[in-house]
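The values are calculated or read from the model by the stated rules, or taken from the named source; none is laboratory data. Please read all numbers here as calculations on a predicted model, not as lab measurements. Virtual Cβ from ideal backbone geometry, glycine too; neighbours counted across all protein chains shown. In case anyone asks, the SASA skips ligands and DNA or RNA and just uses the protein heavy atoms, side chains included. Shrake-Rupley method; radii C 1.70, N 1.55, O 1.52, S 1.80 Å.
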Number of protein chains: 2
Amino acid sequence: MEKSENTRGGAVQRVEAALLNDISSGVLSPGERLDEVQLTERFGVSRTPVREALSRLTAQGILVPGAKRGVQVAEYSREELAQIFEAMHEIEVACARIVSQRISLLSRSEIEIAQKACVIAAEANDLSGFLQANENFHQAIYRATGNPYMAQIASDFRRRTGPFRAKKFASHEDLLASARSHDVLMSHIFSEDSGEASAGMRAHMTESFMQTLAAN
Amino acid sequence: MEKSENTRGGAVQRVEAALLNDISSGVLSPGERLDEVQLTERFGVSRTPVREALSRLTAQGILVPGAKRGVQVAEYSREELAQIFEAMHEIEVACARIVSQRISLLSRSEIEIAQKACVIAAEANDLSGFLQANENFHQAIYRATGNPYMAQIASDFRRRTGPFRAKKFASHEDLLASARSHDVLMSHIFSEDSGEASAGMRAHMTESFMQTLAAN
DNA sequence: ATCTTGCATTTTGCTGACAAAAAGCACCTA
DNA sequence: TAGGTGCTTTTTGTCAGCAAAATGCAAGAT
């Protein structure tokens, strides 16, 4: 009875993407409750697609079942945050291991190109550009595993931890340091020595994790 | 009282569980298409809960979007199967690493109790009993990581690969061999040397994976 | 024969509504 | 005052149905 022509199809995705964005960008803060009916009004759709979007985000761990009713933006205790990063840490290390075992010239090139973009953005102190480039860099590594299942898990963690990792990059120096760290990491991964690659990634992740936890 | 889980969505969960069971037990074979309306009739519910159940199973990777329409039971090429097991392999190794770093007496005891049950079932050549005990054994290891997020991922892979792993246990000797293999694995994990633990798990998984792939 | 083209059928995504469960609330009792 | 007790409001799970999109199909064109 409202809104005549909506883009038939894709309402669920639209809602999901919008919520994801709101959460990443901090419009919705951790612990905030989400009301189905409210979202219904906001997006001009009925409860069914809203409900499915919420359900998907819950499955991804972005939202959690609220204490009494409904869902809320996941908020993590310090300990839970540490556990999530520990898991992510292990996944990344595993990715590095796999990549080092089967790096192709194409993959290597993609990673290097992504890294160049990181350096440029870092030097220009372009935060949002750097975040995007950094994302591409890591995604390129995931893809280089040649294993979509590993890549998916790694990607999921990255999405989930996005809001927390973002806080790490406060100053120009943070960006430069991260870009330098990428270089070291790459040299390990491209060494084709899986032991060195996983150790290198482990060091990278430990460092990154410490800074992130400090910033949260 | 861990089982006092909320019973939100009785029908959805009923459908989801039933389908999961059908898939594990082979009633539904890989590649088989699932028709919403058919399921609607079978379970005597409307499309909404059926749809949500399918959606959840799809998110878990148990079902995949069909080529033309609808969803179908995931079927994997040999290569995809290898990739899934490679990923699972890495996750299990990571779990072993973590466990070895912080094994508690309680966790150790749980693992040992589960292993005892495995041995008993294996010696009695009780296949379904062994599968259950084996499941408990691995879940005990996951729990011992103290990291619910790692445990969740590992558990998801286990569910997903269940149908394929089951085929590995064809003879009495297979069960006994698996039980023996557990013993070796435990000695590595309990060594509190993370390098040894991950190497041990890596060997265990490689062996197990080779047999599974051979049986599929 | 093969390739369009238009129509009929099936499938999907979504809507609005409803019944039941849960949470809030006011009142009563001890 | 603390602790029930029953009623009201809110929230949730489910339903039946509709309209768009996808698919199948058959007649006509090339």
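Residue pairs whose Cβ atoms lie under 6 Å apart, sitting 6 or more positions apart in sequence or on different chains, and linking a residue in the range A:31-51 that is at pLDDT 90 or above to a partner that is outside any helix (DSSP H, G or I) and near DNA strand D (Cβ under 9 Å from one of its atoms), are A:Leu34/A:Val71.
Could you figure out which of (1) within 14 Å of another protein chain (Cβ to nearest Cβ); (2) open to solvent by less than 40 Å² (accessible area, probe 1.4 Å); (3) within 21 Å of B:His89 (Cβ to Cβ) isn't true of A:Arg102? With (1) within 14 Å of another protein chain (Cβ to nearest Cβ); (2) open to solvent by less than 40 Å² (accessible area, probe 1.4 Å); (3) within 21 Å of B:His89 (Cβ to Cβ) applied to A:Arg102, the lone miss is (2).
Being farther than 16 Å from B:Ala59 by Cβ, within 11 Å of chain B (Cβ to nearest Cβ) and within 14 Å of DNA strand C (Cβ to nearest atom) holds for only one residue in A:Arg47, A:Arg42, and it is A:Arg47.
Of all positions in the range B:165-184, at least one carries a residue that is surrounded by fewer than 16 Cβ atoms within 10 Å (Cβ to Cβ) and touching a residue at least 60 places away in the same chain (Cβ under 8 Å). B:Asn147 falls short on exactly one of the conditions (1) under 22 Å from B:Ala203 (Cβ atoms); (2) crowded, with 20+ Cβ neighbours inside 10 Å; (3) within 14 Å of chain A (Cβ to nearest Cβ), and that condition is (1). Name the single residue that is modelled with the highest pLDDT among those in the range B:10-30 being loosely packed, with under 13 Cβ neighbours inside 10 Å and within 16 Å of DNA strand D (Cβ to nearest atom). Looking at the filtered set, the residue picked out is B:Ala17. Going by the conditions given, is A:Phe130 open to solvent by less than 50 Å² (accessible area, probe 1.4 Å), more than 14 Å from every other protein chain (Cβ to nearest Cβ) and among the aromatic types (Phe, Trp, Tyr)? Taking the combined requirement at face value, the residue satisfies it. The condition of being modelled with pLDDT of 90 or more, more than 16 Å from the chain's Cα centre (by Cα) and open to solvent by 40 Å² or more (accessible area, probe 1.4 Å) holds for only one of A:Val71, A:Val64, that being A:Val64. On inspection, A:Pro49 does not qualify as open to solvent by 50 Å² or more (accessible area, probe 1.4 Å) and either touching a Pro at 6+ places or on another chain (Cβ under 8 Å) or not basic (Lys, Arg) (or both).
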